[in-house]
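The structure under discussion appears below in the form of C-alpha cells.
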Amino acid sequence: VLLGVSLGLAVGATVALTVVSTPTAAVVIGVLAGLAAANLYAGSVAYVIEADPVRADAAVARGSLLSAVALVVAPLGMGLLADAIGLRTAYAGVAAVTITGAVVMLAVTWPASRRPGAVRVRPAVTPG
C-alpha cells in the first residue's frame, strides 16, 4: 500500500510540476515528490525480497543495479528529451510513462486468485 501511495504521489507531483507557474509552488511540489521518492526505494527493496526470499541477496543486487542505472541515465535522458520537445512536455511524458509502468506492473504482479473472473482450480487428489 505504501509503495502504491508513494508512486501515486510521485506521479501527481510530476504532473503538478508541469502546470505550476510560481517558484514557491514548485518548491512545495518538489518537497512532496521528495517525500514520495524516499519511500519508493525502501518499499521497492522489500517488494524485491518478497518476490524471491530464497535468493534475496541476488534480488536486492539486481534491484540496486537497476536503480543505479536509472539514476545515471534518467537525468541525461530527461535533458535530451527536454532539449528536443520542451521541458513541460518532457515532464508530461515522464508522468505518462510512469502511469503506464504502474498499470503494467500491477497487471503482471497481481495475484491470479484476486483477478476479476479468476477461477480457482483445486489440485487433483491422487488415490493413495
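Numerical summary
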{"quantity": "Identified option (computed Rg and Dmax of the Cα atoms in Å; candidates [x] 18.4, 69; [y] 17.8, 53; [z] 19.2, 74)", "calculated": "[z]"}
{"quantity": "Gained length - L2 relative to V45, 0.36 nm times residue gap less alpha-carbon distance", "calculated": "14.2 nm"}
{"quantity": "Span-rule helices in the chain, defined as complete DSSP H runs reaching 30 Å or more along the axis (Cα) with Kyte mean at least -0.5", "calculated": "23-51, 56-85, 87-109"}
{"quantity": "Max mean-square fluctuation residue, GNM over the chain, Cα-Cα springs under 10 Å, options T24, T89, T98", "calculated": "T24"}
{"quantity": "Extension gain from L32 to L81, taking 0.36 nm per residue of separation minus the Cα-Cα distance", "calculated": "15.3 nm"}
{"quantity": "Full-stretch length increase - A102, V72 - with 0.36 nm per residue and alpha-carbon distance subtracted", "calculated": "8.7 nm"}
{"quantity": "Distance from the stretch 49-79 to the stretch 91-109 (C-alpha centre basis), Å", "calculated": "17 Å"}
{"quantity": "Accessible surface of the chain [probe 1.4 Å, protein heavy atoms]: carbon and sulfur percent", "calculated": "73 percent"}
{"quantity": "The stretch 2-22 residues near the modelled W110 label - backbone nitrogen below 14 Å, point 7 Å along Cα→Cβ", "calculated": "none"}
{"quantity": "Probe 1.4 Å, accessible area per residue of the chain, Å²", "calculated": "73 Å²"}
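The values are calculated or read from the model by the stated rules, or taken from the named source; none is laboratory data. Predicted model only: the values in this text are computed from it and were never measured. Don't worry about glycine lacking a Cβ; one is built from the backbone with ideal geometry, like all the others, and counts go over all protein chains shown. What goes into the accessible areas is simple: the full protein's heavy atoms, side chains included, and nothing from ligands, DNA or RNA. Shrake-Rupley method; radii C 1.70, N 1.55, O 1.52, S 1.80 Å.
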